Amino acid sequence: MSTPSGPSGSLERIVFSDGSTADLVRKEDGWAIQIDGVAQSHLGEDPAQPPKLASIRWMLAALGDQAPRRAAHLGGALLALPRAVAHRWPATTQTVVELEPALVELTRSRFPLPPGITMETADARSWLEAHPGSGHDAIVIDVFVGNRIPPAFTSLECITAARSALSEEGRLVLNSVAGPELLFTRRELATLRTVFGHVAMIVQGSALAGARFGNATLIASASPIDPGAIRASLAGDPSKGALVTDLDPIIDGADPISEADQLWSPEPNLPDASAALRLLEQARQAVDTLRSAAD
């Protein structure tokens, strides 16, 4: 993959259509998109290497060991997961649906797409509802506004539309969160259980215990989910993410999420690193200026 060059640590501001911003950050091992100092996507230089972000590795593991013929990704960013899928299963046909034109243009112009991947600039929820009976083998929902999942992708109506677009053996994978007391996560799992016969979750033990805010990968299918294949993919992962299949104690009678609830995922309880990142960038720029002057 040919990617744009630039010194490690350099920042480039991305302005979204609603006026909000993100930073495209050059890393030693690739590129990342950061919002408020939190990495939302990371694209490595070598597609043969495991994805940098644990959430991407978890979603890749959640897809199992059978190559999907057709996969749809709702939410794009730098397409870290679709690229990993393309490397693992080159024959898979993938559609990425991304609402933000700035991200679509950035990806198409500067981070070329592997064969088999197409991008559509569209509202992902509307796209999902327009494809009932499409027989996808995998649908991945990875939509965040800022650092939160919007209500259009947390509701029973959304999950029902996803089920309609999947084949009988198809698998739904959601990039979600494990927040305070798992209140949101419990309701998401209850929502999935309402529509799908088989549901599981990948999460870190510390987040599951409520000790910290973390990611959670939710998995749902009308057909049985092979836990062995997922656990084999997670074995040795430095994130220590674990597959949880006994969800009754976690759901514990929680209500499914309806469209009327307009439920957002909780705000991440993370330290604000934006000020430190700005100071670091200013220091690096000063060093570059001194080096230029010395030359």
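Here, each number is a calculation from the coordinates, and none is a lab measurement. In this text, all values refer to a predicted model and were calculated from it rather than measured experimentally. In this analysis, Cβ positions are derived from the backbone assuming ideal geometry, glycine residues included, and neighbour counts consider all displayed protein chains.
Convert each backbone phi in region 145-155 into a coupling constant with the Karplus relation 6.51 cos²θ - 1.76 cosθ + 1.60 (shift: θ = phi - 60°), then list the ³J(HN,Hα) values in order as whole Hz, x for Gly and Pro.
Computed from phi, the couplings for region 145-155 are 10, x, 10, 10, 8, x, x, 4, 10, 10, 8 Hz.
Can you give me the angle between helix 156-165 and the longest principal axis of the chain, using Cα atoms only, in degrees from 0 to 90, rounded to the nearest 10?
Result, in degrees: 90.
Which whole-Hz ³J(HN,Hα) couplings does region 11-27 yield from phi under the Karplus relation 6.51 cos²θ - 1.76 cosθ + 1.60, θ = phi - 60°, glycine and proline marked x?
Couplings: 10, 9, 7, 10, 9, 7, 5, 8, x, 6, 9, 9, 10, 8, 10, 7, 10 Hz.
Stretch Ser206-Glu45 to full length: gain in nm at 0.36 nm per residue minus the Cα-Cα span?
Answer, rounded to one decimal: 54.9 nm.
List the residues, sorted by chain then number, that are 5 or more residues from Val244 or on another chain and whose placed amide H is less than 5 Å from its amide H.
Long-range HN contacts for Val244: Met201, Ile202, Val203.
How far is helix 274-294 tilted off the main Cα axis of the chain, in degrees rounded to 10, range 0 to 90?
Computed tilt is about 30 degrees.
Let me check against my output: what whole-number percent is the relative contact order of region 51-294, with C-alpha pairs under 8 Å and at least 6 apart? Please report the intermediate quantities before stating the final value.
On the way: 459 pairs, mean separation 48.5, N = 244.
Relative contact order comes out at 20 percent.
Could you pull out the longest piece of the chain with no exposed loop GluC sites (Glu not before Pro) in it, calling a site exposed if DSSP puts it outside H, G, I, E, B and it has at most 14 other Cβ atoms within 10 Å?
46-295
Could you order the peptides 14-21, 173-180 from most to least packed, using the average number of other C-beta atoms within 10 Å per residue?
Top to bottom by mean Cβ count within 10 Å: 173-180, 14-21.
Using a Gaussian network model of the chain with C-alpha springs under 10 Å, which one of Ala86, Ala138, Ala77 is most mobile by mean-square fluctuation?
Judging by the Gaussian network model, the answer is Ala86.
Run the numbers for Glu105 and Trp264: contour at 0.36 nm per residue of separation, minus the present Cα-Cα distance, in nm. Mind showing how you got there, number by number?
Values: separation 159, 0.36 × 159 = 57.24 nm, distance 2.75 nm.
Extra length available between Glu105 and Trp264 comes to 54.5 nm.
State the extension gain, in nm to one decimal, for the chain segment bounded by Thr160 and Phe16, taking 0.36 nm per residue of separation less the distance between their alpha-carbons.
Working it through step by step, the gained length comes to 48.9 nm.
Any idea what the dipole of region 51-294 comes to, in debye rounded to 20, about its Cα centre with Lys/Arg Cβ at +1 and Asp/Glu Cβ at -1?
Values: 21 positive and 26 negative charges, 185 e Å.
Result for region 51-294 is approximately 880 debye, rounded to the nearest 20.
Relative to the first principal axis of the alpha-carbon coordinates of the chain, what is the inclination of helix 183-195, with its axis defined by its Cα atoms, in degrees from 0 to 90 and to the nearest 10?
50 degrees
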